[in-house]
Amino acid sequence: MNPLAKIENVASAIHWIRGEKVILDRDLAVLYGIETRALKQAVRRNVERFPDDFMFQLTDEEIETMVSQNVIPGKSTFGGALPMVFTEQGVAMLSSVLRSPQAVQVNIAIMRTFVKLRGIMGNNQELAAKINALEESYDEQFTLVFEAIKTLIDSAEDFPDSNKPSMGFHP
């Protein structure tokens, strides 16, 4: 299996675009160990397998946003072509198009990462529900504290693809 296909590497390649968790074609190509043009070519040969909710091309505005957020170093990263992005279902469909043993292993790692991220997001919703329940049981003096906690939870959900390094000592 490609050593790049570890959960932490795959998770850093997942971005939030148009309300979807997606992976860029160039990041998938690196994971699969193929050239981006080969991945795009395989998709174009099987375009009927990739409806808009499985794969879509980024607009110039979305690319500019990714550049400004330092997700990508520059527009030139993509050459002249607009990049394709793949949703979880699109990545699953790629397994039927790219049939190498490495592609199968990478797809398994990517699917596990999407499931893990979905679990993390679910835990944030559970935490918000628990905080609401606690807020109802305490008096007004704790209102400010609960509002601050809610603000932190909301801001974390607004930026799910943040690439901030974790803090603290790491051996």
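Bear in mind that the values in this text are calculations on the coordinates, not laboratory data. Worth saying up front: this structure is predicted, and the values here are computed from it rather than measured. Please note: Cβ atoms are built from the backbone with ideal geometry, for glycine as well, and neighbour counts cover all protein chains shown.
At a glance:
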quantity: Loop GluC sites (Glu not before Pro), the range 11-84, which have at most 14 other Cβ atoms in a 10 Å radius of their Cβ (DSSP); calculated: Glu35
quantity: In order through the range 27-44: 3J(HN,Hα) via Karplus (6.51 cos²θ - 1.76 cosθ + 1.60), integer Hz, x for Gly, Pro; calculated: 5, 5, 4, 4, 4, 7, x, 10, 6, 4, 5, 5, 5, 4, 5, 4, 5, 4
quantity: Under Karplus coefficients 6.51, -1.76 and 1.60, residue-wise ³J(HN,Hα) of the range 91-107 in Hz, glycine/proline x; calculated: 5, 4, 5, 4, 5, 8, 9, 9, 10, 6, x, 5, 4, 5, 5, 5, 4
quantity: 5 angstrom amide H check on Met55, placed H, neighbours 5+ away; calculated: Thr87
quantity: Placed amide H near Ile17: partners under 5 Å, 5+ positions off or other chain; calculated: Val22
quantity: For Ile72, residues with placed amide H under 5 Å, excluding near neighbours; calculated: Val67
quantity: Net dipole in debye of the range 15-106 [+1 Lys, Arg Cβ; -1 Asp, Glu Cβ; about Cα centre; nearest 20]; calculated: 420 debye
quantity: Gained length - Arg37 relative to Gln89, 0.36 nm times residue gap less alpha-carbon distance; calculated: 16.7 nm
quantity: Extension reserve of the Ile149-Gln105 stretch, reckoned as 0.36 nm per residue once the Cα distance is removed; calculated: 11.9 nm
quantity: In nm, spacing of pseudo-spin labels at Lys116 and Ser76 (7 Å Cα→C-beta vector); calculated: 3.5 nm
quantity: Around Ala81: net Lys/Arg minus Asp/Glu count, Cβ-Cβ under 10 Å; calculated: +1
